[in-house]
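Student: Quick one: structure below, then a few questions.
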Amino acid sequence: MDESAVTLPSVEQLREFIEYAETPALLMVVAHLTDDTGVLRDEWRPDATLLPQGNLDAETEVAVRQYCLTRLEELAANGASVPARPSRRVLDAIGAWGLGGLDDEVAALLDQALVPDYEDRRAPDWTLESLSPEREFRVAIIGAGISGLLAGLRMKQANIPFVIYEKGDDVGGTWSENTYPDCRTDVHSHIYTYSIFPYDWPSYFCRQSVILDYLRAFAQHFGIDEHISFGVEVTGAHWDDAAKHWDVTTKDAHGATDTGEFQSVISAVGQLNHPSIPNIPGIETFEGPAFHSAEWDHSVDLTGKRVIVVGTGASALQFGPAAAQVAEQVTIVQRTPPWLMPTPELRRDIDEGERWLLRRLPLYRAYYRFTIFLPRVIGQLDAATVDPQFPPTERAVSGPGEEIREQLTAYLLDQIGEDEALVEHVVPNYPPGAKRIIRDDGTWIRTLERDNVNIVKGGVTRADAKGIWTDAGDYIEADVILFGTGFAASDFLSTISVSGSGGRDLHETWDGAAGAFMGLTVPGFPNFFMMYGPNTNLVVHGNLVFFLECQAAYLVSAMKTLLEGEHAAMDLRPEVYDRYQRAMDQANRLRAWGWSGVSSWYKDAKGRSPIMWPFTTREYWEGTSEVRPEHYTFEPNTPDVRTRAELSIHGS
């Protein structure tokens, strides 16, 4: 059990703020600090589906907090050092108690789920100088969003020279570009965060501006901002077979072009960066403003306007209610309704007392995050997995899926009451998990019930100067059209020309069916890696930031493999990719999103999913923990691959 000198708050402070603690996390902290599993009583065991909240009655909650306060007061009085990590015995007990059991999946991820403040066990334990001191090795990272910044940190920790090319004027990626009203994360803020960089989140699900400030703080804290070239767009990356490097072409805001040489390229452009706007005949003749949520025009005042909202994806369910509060009339055009997950705290701020505990009580933030992270990382993949014996239908694809459908349907119908006309507009006719499940605190149905809101089933067939026609033949006049139609997620790297060995083109290689081993690399494109690449998105299990951290760990391993082995290039073996991709496609066909006939951004034009990860979180973590050399072919350094000293002599 690791020890560190962490000081507990004063007894007076503990007494003042203990009432704000969530009892599951608090009990875990006490078990950890006292090394006493007896703290984790059966009668205090939480319902894992309700975490981080407990499920005790008010009187018992008060008793639990008083018990924990007594144990913490004893610890504070003794002045004992605080263990940074629990013993394995205690950690296993915490996992089994909190989740109702300790199966292989839970046991494997326990260590990953518990991250004390600022602990970084995945940082490289080597540097460029320690492995290959004379080697010239530079890395280009494309994009300064949440994945690009993390890749930059890992390169900086390894002392590998790198530059991040960012086409915008700020860090943040999607959180810089999306500024529509009420834009916020629908992932708990405490797990939509780098595990190594905690934050004093003001809300349970924070707004865009707060997340952007967090990413700016991360870049500044680690000095990553010093390596970013803002206003520079990467237009191409081309592998030089002879010199064994990438030529990366860029264009700045003034149209000036440049080319740089890099030994490795990391694409961190993500999946949600190209707005998908439907091709509506006549839309160019519409006289009013018409724009996508990701390109929000803040000069347009919706007050007193007739507004059409096209689409009901995650963004529309945020900006739609905001528009309805000020517009004269809002008409929502929807093909299929989304499943809504009850989340009462979606728009709530965190109480100041609880924020104090998260900041000041040692390990409370770590266990609070633990209670959010672990149940959701494991998730409900079984509910989205096709069970042929069930049998699967467009209601549900499995028994657990049917249970979820009944729960979510009851949540929707309870809000509708006697308004039968709303049923077809709010209860989906496809299995849970086939499309994104959107968090909701009741705001959406309250919006649909407003007198100035009308919802229309179907799509838009054409437009003219004053409005649009639906596919039912109805004409709707409007002053403003807002598109909440998502992103062209399947079009990976669509704005960048990438050519690998022998000049092969990446997009031609994919031929409309994007794929990458573990979402990271493709045969024929040496030293080229992706973050948040194909098949790394999640819907009913997993956590995006955890997946990004897994990808960054693989990048660190790849760079170490290249440098330590004095390899100029590493290239994934085609048979490894083919075997992986066959398993990926087969598994995706047996998940709700691949089996159902409903249209979604999880599938491409051919019905294949290049987006979703269909396996367990454990399998992704294990598959990205380190590079397996047998998966690759390697090319050694040659006279064409110059050292840093030679480059200095030649003036390069």
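The values are calculated or read from the model by the stated rules, or taken from the named source; none is laboratory data. Remember, it's a predicted structure, so these values are computed and weren't measured experimentally. For neighbour counting, all protein chains shown are included, and Cβ atoms are generated from backbone atoms with ideal geometry for every residue, glycine included. Heavy atoms of the whole protein, side chains included, go into the accessibility calculation; ligands, DNA and RNA do not. Shrake-Rupley method; radii C 1.70, N 1.55, O 1.52, S 1.80 Å.
Student: For region 234-366, what is the largest minus smallest coordinate of the Cα atoms on each principal axis, given in angstrom and ordered from greatest to least?
Tutor: That gives 62, 60, 31 Å along the principal axes, largest extent first.
Student: Name the residues whose placed amide hydrogens come within less than 5 Å of the amide hydrogen of residue 173, ignoring near sequence neighbours (fewer than 5 apart) on the same chain.
Tutor: 144, 145
Student: Give the separation of the Cα centroids, region 53-106 to region 393-408, in Å.
Tutor: Comparing the Cα centres of region 53-106 and region 393-408, I get a distance of 34 Å.
Student: For region 108-244, which whole percent of the accessible surface, found with a 1.4 angstrom probe, sits on carbon and sulfur atoms? If you can, show how the numbers build up before the last one.
Tutor: Numbers: 2140 of 4510 Å².
Carbon and sulfur: 47 percent of the exposed surface of region 108-244.
Student: In addition: Relative contact order for region 451-605 using alpha-carbon pairs under 8 Å, separation at least 6, rounded to a whole percent?
Tutor: Numbers: 139 pairs, mean separation 26.9, N = 155.
About 17 percent, as a whole number.
Student: Treating only the Cα positions of region 140-271 as identical point scatterers, give the base-10 log of I(q)/I(0) from the Debye formula at each q in 0.13 Å⁻¹.
Tutor: Treating every Cα as an identical point scatterer, log10 I(q)/I(0) equals -0.57.
Student: Regarding region 371-485, what is the average projected area of its C-alpha convex hull, in nm²? Don't skip to the end; give the middle numbers.
Tutor: Details: hull surface 39.5 nm².
In nm², the orientation-averaged hull projection of region 371-485 is 9.9.
Student: Filter the GluC sites (Glu not before Pro) in region 320-421 down to the DSSP loop ones having no more than 12 other Cβ atoms within 10 Å, then list what survives.
Tutor: On the way: sites: 328, 345, 352, 354, 394, 402, 403, 406, 418, 420; in loops: 328, 345, 394, 418.
When the GluC sites (Glu not before Pro) of region 320-421 are filtered for loop state and at most 12 Cβ neighbours within 10 Å, 328, 418 remain.
Student: Run through all the Cα pairs of region 1-157 and give the fraction in each 10 Å bin from 0, expressed as whole percent.
Tutor: Using 10 Å bins, I get a P(r) of 9, 30, 27, 18, 12, 4, 0 for region 1-157.
Student: Considering only protein heavy atoms, what per residue accessible area in square angstrom results for the chain with a 1.4 angstrom probe?
Tutor: Working: 25940 Å² over 652 residues.
It amounts to 40 Å² per residue over the chain.
Student: In region 540-607, if every C-alpha pair distance is counted and binned at 5 Å from zero, what percent goes to each bin?
Tutor: Cα pair-distance distribution for region 540-607, in percent: 3, 12, 13, 16, 20, 15, 9, 6, 3, 1.
Student: How large, in Å, is region 580-630 by the Kirkwood hydrodynamic radius built from its alpha-carbon pairs? Intermediate results must be reported in sequence, preceding the final value.
Tutor: Working: mean 1/r = 0.0826 Å⁻¹.
Taking every pair of different Cα atoms in region 580-630, averaging 1/r and inverting gives 12.1 Å.
Student: For the chain, what is the mean residue ellipticity at 222 nm derived from helices alone (per DSSP H run of n ≥ 4: -39500 (n - 2.57); sum divided by total residues; nearest 500 deg cm²/dmol)? All intermediate terms of the calculation are to be shown ahead of the outcome.
Tutor: Working: 22 runs with 221 residues, N = 652.
Computed ellipticity for the chain at 222 nm equals -10000 deg cm²/dmol.
Student: What are the residues whose amide H is under 5 Å from the amide H of residue 341, where those residues sit 5 or more places off or on another chain and H is modelled from the backbone?
Tutor: When sequence neighbours closer than 5 places are left aside, the close amide H contacts are 438, 439, 440.
Student: Give me, ordered by chain and number, the residues 5 or more places off residue 455 or on other chains with an amide H under 5 Å from its own placed amide H.
Tutor: 332
Student: Now for a different question. Roughly how many debye, to the nearest 20, is the charge dipole of region 276-355 about its Cα centre, given +1 on each Lys and Arg Cβ, -1 on each Asp and Glu Cβ, and no other charges? Don't jump to the answer; show the numbers that get you there.
Tutor: Numbers: 6 positive and 11 negative charges, 69 e Å.
My answer is approximately 340 debye.
Student: Let me ask another. Counting only Cα, what are the radius of gyration and maximum Cα-Cα distance Dmax of region 175-216, in Å?
Tutor: 9.7, 30
Student: How big is the charge dipole of the chain about its Cα centre, in debye rounded to the nearest 20, if each Lys and Arg gets +1 on its Cβ and each Asp and Glu gets -1 on its Cβ?
Tutor: Numbers: 55 positive and 95 negative charges, 126 e Å.
For the chain, the charge dipole is close to 600 debye.
Student: Rank by packing, highest mean first: peptides 160-173, 361-374, with packing defined as the count of other Cβ atoms within 10 Å averaged across residues. Mind showing how you got there, number by number?
Tutor: Values: 160-173: 21.1, 361-374: 24.0.
Final packing ranking: 361-374, 160-173.
Student: Counting only protein heavy atoms and using a 1.4 Å probe, what share of the accessible area of region 1-99 belongs to carbon plus sulfur, as a whole percent? Numbers along the way, then the final one.
Tutor: On the way: 2160 of 4520 Å².
On region 1-99, the fraction of accessible area on carbon and sulfur atoms equals 48 percent.
Student: Kindly rank 261-267, 409-415, 569-575 from highest to lowest mean number of other beta carbons found within 10 Å of each residue.
Tutor: Values: 261-267: 23.7, 409-415: 15.4, 569-575: 17.6.
Ranking the peptides 261-267, 409-415, 569-575 by packing returns 261-267, 569-575, 409-415.
Student: Would you mind computing the Rg to Rh ratio of the chain from its alpha-carbon coordinates, Kirkwood style for Rh?
Tutor: On the way: Rg = 26.0 Å, Rh = 26.7 Å.
Answer for the chain: 0.98.
Student: What part of the accessible area of region 362-420, given as a whole %, is carbon or sulfur when the probe is 1.4 angstrom? Display every interim value, and only then the final one.
Tutor: Numbers: 1330 of 2590 Å².
The value for region 362-420 is 51 percent carbon and sulfur by accessible area.
Student: Ranking request for peptides 175-182, 490-497: highest mean number of other beta-carbon atoms within 10 Å first, then the rest in descending order. Mind showing how you got there, number by number?
Tutor: On the way: 175-182: 19.4, 490-497: 17.8.
Per-residue mean Cβ counts within 10 Å order the peptides as 175-182, 490-497.
Student: Let me ask something additional. Once Rh for region 426-484 is found with the Kirkwood sum over Cα pairs, what is the Stokes-Einstein diffusion coefficient at 4 °C and 1.567 mPa s, in µm²/s? Show your work: numbers first, answer last.
Tutor: Values: Rh = 14.0 Å.
In µm²/s, the coefficient is 92.
Student: Putting +1 on Lys and Arg Cβ atoms and -1 on Asp and Glu Cβ atoms, find which of 239, 162, 14 reaches farthest to the positive end of the dipole of the chain.
Tutor: Of the options given, the answer is 239.
Student: Same structure again: Once you treat every alpha carbon in region 467-562 as an equal point and sum by Debye, what is log10 I(q)/I(0) at q = 0.21 Å⁻¹?
Tutor: -1.11
Student: Heavy atoms only, probe 1.4 angstrom, no DNA, RNA or ligands counted: give me 487, 529 ranked by accessible area, highest first. Kindly include the intermediate steps, with their values, before the conclusion.
Tutor: Working: 487 35, 529 0 Å².
I get 487, 529, largest accessible area first.
Student: Need one number: the % of Cα-Cα pairs in region 520-569 sitting beyond the 15 Å mark.
Tutor: Tail of P(r) above 15 Å: 52 percent of Cα pairs.
Student: Using the alpha carbon gyration tensor of region 111-216, what are the three equivalent-ellipsoid semi-axes (square root of 5 times each eigenvalue), largest first, in whole Å?
Tutor: Values: eigenvalues 170, 74, 12 Å².
Output for region 111-216: semi-axes of 29, 19, 8 Å.
Student: Along each of the three principal axes of the Cα atoms of region 201-298, give the extent in whole Å, ordering the values from largest to smallest.
Tutor: 53, 43, 25
Student: Sticking with this structure for a sec: How big is D for region 1-76, in µm² s⁻¹ as a whole number, if Stokes-Einstein is applied with the Kirkwood radius of its Cα pairs at 4 °C and 1.567 mPa s?
Tutor: Numbers: Rh = 13.0 Å.
For the chosen part, D equals 99 µm²/s.
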